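Reviewing the structure listed below.
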Amino acid sequence: MTGADPRIVRSRRRILDATTALVLERGITGTTIEAISERSGVAKTTIYRHWSGHHDVVLAALDAMLTEPPPLDSGSLRGDLEALLGGFAAALSTSPAAALTAALIDAAERDPDFAELHHRETRRRQEPVRLAFERAAARGELRHGVEVNDAVELVSGALFHRRFFSAGTLDEDFASRITELVLRAVTDPENAAP
């Protein structure tokens, strides 16, 4: 929105912030245009000027909130996993991302547009992990026969299971234990970087 009218930028931001807050409180189906208008202080007519309806506003708010993880390359699979899993654990336990992810998973079961956003967000979140495993494979750190996609699922599955199913503590200590288990499962001890 470079060069956009600052008033438009402010009203869009208020609308998206209000939508995000409502999704966190009420879920996607409970987030209506009327509620967004009331919460944001922006008229419904203004909301409809930017988006065609509830569905599009919620998609825009979720897309804006679910940001891309920063790239990293520590030089070892251990370093990459420690940083990535620690960051993911913090995001899933202390940020609105976990509740938004749960709302998105729920909506994706019934709506193809939310399903597409969910799949896109999953790929985006997994990409740094995939790159870490691909770099490790190129350095010879992985055991022969380890499939990168399986390793990525192993990491993601542990964190998401902990957050959404087992209700255990999701913290740096858990992330460290998972890192150690994954490293034992996928690395070649003779070639693993420290």
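Just so you know, all these numbers are worked out from the coordinates, no wet-lab data involved. Please read these numbers as outputs of a predicted model, since none were measured by experiment. Neighbour counts run over all protein chains shown; Cβ positions are idealised from the backbone, glycine included.
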The stretch 46-134: relative contact order as a whole-number percent, Cα under 8 Å and 6+ apart: 35 percent
query: Could you give the semi-axes, largest first, of the ellipsoid that matches the stretch 93-142, computed as the square roots of 5 times the alpha carbon gyration tensor eigenvalues and rounded to whole Å?
result: 29, 14, 6
- request: With the Cα gyration tensor of the stretch 38-101 in hand, convert its eigenvalues to equivalent ellipsoid semi-axes via √(5λ) and list them largest first in whole Å.
  value: 36, 12, 8
- prompt: Given a cut-off of 19 Å, what percent of all Cα-Cα pairs of the stretch 110-186 lie beyond it?
  reply: 45 percent
- line: Here FRET efficiency (C-beta to C-beta, residue 74 to residue 177, R₀ 22 Å, nearest 0.05) is 0.70
task: Work out, step by step, the length gained on full extension between residue 115 and residue 99: first 0.36 nm times the residue separation, then minus their alpha carbon distance; give nm to one decimal.
output: 4.1 nm
query: Going out from 0 in 5 Å bins, what whole percent of all Cα-Cα distances in the chain drops into each bin?
result: 1, 7, 15, 16, 15, 13, 10, 8, 7, 4, 2, 1, 0
- request: Pop a pseudo-label 7 angstrom from the Cα along the beta-carbon direction at both residue 156 and residue 49 and give the gap in nm to one decimal.
  value: 4.0 nm
query: Given the rule -39500 (n - 2.57) for each run of at least 4 DSSP H residues, summed and divided by the residues of the chain, what is its mean residue ellipticity at 222 nm, to the nearest 500 deg cm²/dmol?
result: -22500 deg cm²/dmol
statement: Within the stretch 158-184, the residues whose backbone N lies under 18 Å from a label point placed 7 Å from the Cα of residue 122 along the Cα-to-Cβ direction are 158-166
